[in-house]
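The values are calculated or read from the model by the stated rules, or taken from the named source; none is laboratory data. Here the structure is a predicted model, which is why all the values come from computation and not from measurement. Don't worry about glycine lacking a Cβ; one is built from the backbone with ideal geometry, like all the others, and counts go over all protein chains shown. SASA here: full protein model, heavy atoms, side chains in, ligands and nucleic acids out. Shrake-Rupley method; radii C 1.70, N 1.55, O 1.52, S 1.80 Å.
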Amino acid sequence: MNFSIATWNINSVRLRLPLVKALLSEETPDVLCLQETKCPNDAFPSADLKKMGYEHIVVHGQKGYHGVAIISRLPLDDVERRDFCAMGDSRHISAVINAGGRNIRVHNFYVPAGGDEPDPEINPKFDHKLRFIEEMNDLHSEKEADRGVSSLLVGDLNIAPLETDVWSHKQLLRVVSHTPVETEGLAAMQAHGGWIDLMRQHIPPDEKLFTWWSYRARDWDISDRGRRLDHVWGSPDLSPKLSSIRVLREARGWERPSDHVPVIADFQF
């Protein structure tokens, strides 16, 4: 069985619903995880997406901020919404999907951006981000495996961990999203949970890889000052099943785009 999952920080699902529908129509992933949906649950455009064959939708939203959703052709079971850092933010949702007889728990995350100043003593937003990553240590892919469930962790983690995940390692070392305290914290959490960075499994770590380009760039494509903020991780048992990873760079040039682009992972079970 072929199984595909896409992740995309859409930066307002209602504003960019035509782009979501275009992605589903052209790429036909089995599952789409959205972040920064920016709408309460009752305002999520479920009806439009169900008409396209994505009948299984779970959301965790709030008015004007944050928000995550899982949109699926396949049934979604055992849905969880965790309140990290007890902030009341809608930044996580997970559900179990059965793909070809394999149960997979999909975690969809929108990690806090962290503000501008990389100092938790003077910047509460950065402190929140570091505490959020620390709490993510509770997620162990092995724990799910013990129950016969594979795991995927996708979303906008708002950290570019490798030197090749940013346009200039040297210039961004003190810029939030690439500071050592963030990248080391993310790496520790990844190792602690037994997660495999599937994007870097498929695309060698020595290659530049970006999923986000700032709106501030005069010409994002030519300047190419990007960062890899969006991720696809998996439990070790899914690693040999990965057949491809695609970063849809062209989506950054669509009309009224998000500053992030979709990432699609394909598996063969």
Can you spot the lysines whose alpha carbon is less than 17 Å from residue 51's alpha carbon? Ignore those fewer than 8 places along the same chain.
21
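For a Förster distance of 30 Å, can you work out the FRET efficiency between the beta-carbons of residue 163 and residue 250, rounded to the nearest 0.05? Don't skip to the end; give the middle numbers.
Values: r = 25 Å, r/R0 = 0.84.
Approximately 0.75, to the nearest 0.05.
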Quick one: accessible area per residue over the chain, 1.4 Å probe, rounded to a whole number of Å²?
43
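From the helices alone, meaning DSSP H stretches of at least four residues, give me the mean residue ellipticity at 222 nm for the chain, per-run term -39500 (n - 2.57), in deg cm²/dmol to the nearest 500.
-6000 deg cm²/dmol
Just to confirm the filter: which GluC sites (Glu not before Pro) across the range 164-239 are DSSP coil and have at most 12 other Cβ within 10 angstrom of their Cβ? Write out the running numbers ahead of the final one.
Details: sites: 182, 184, 207; in loops: 207.
In loop regions of the range 164-239 (DSSP not H, G, I, E or B), the sparsely surrounded GluC sites (Glu not before Pro) are 207.
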About the Cα centre of the chain, how large is the charge dipole given +1 on each Lys and Arg Cβ and -1 on each Asp and Glu Cβ? Please answer in debye to the nearest 20.
680
Please list, in order, the residues from the range 225-241 whose amide nitrogen is less than 14 Å from a point placed 7 Å along the Cα→Cβ vector of residue 171.
225-227
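Express the relative contact order of the range 1-141 as a whole percentage, based on alpha carbon pairs under 8 Å and six or more residues apart in sequence. Intermediate values should be presented prior to the final figure.
Details: 279 pairs, mean separation 24.0, N = 141.
Here the relative contact order equals 17 percent.
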Could you check which residue among 245, 122, 93 shows the biggest mean-square fluctuation in a GNM of the chain with a 10 Å Cα cutoff?
122
Span from the the range 242-269 Cα centroid across to the the range 30-79 one, whole angstrom:
18
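For the range 114-153, how big is the tail of P(r) above 13 Å, as a whole percent of Cα pairs?
Values: 464 of 780 pairs.
Of all Cα-Cα distances in the range 114-153, 59 percent exceed 13 Å.
How large is the convex hull of the C-alpha atoms of the range 1-145 per residue, in Å³?
Numbers: hull volume 17.8 nm³, N = 145.
Given the Cα convex hull of the range 1-145, per-residue volume reads 123 Å³.
Summing +1 for each Lys or Arg and -1 for each Asp or Glu, what net charge is found among the other residues whose Cβ lies under 12 Å from the Cβ of residue 180?
Values: positive: 174; negative: 163, 182, 184.
Neighbour charge sum, excluding residue 180 itself: -2.
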Among 149, 111, 13, residue whose mean-square fluctuation peaks in a GNM of the chain (springs only between Cα atoms under 10 Å):
149
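When only Cα pairs under 8 Å and 6 or more residues apart are kept, what is the percent relative contact order across the chain? Provide the component values of the computation, followed by the final result.
Numbers: 622 pairs, mean separation 50.9, N = 269.
Answer for the chain is 19 percent.
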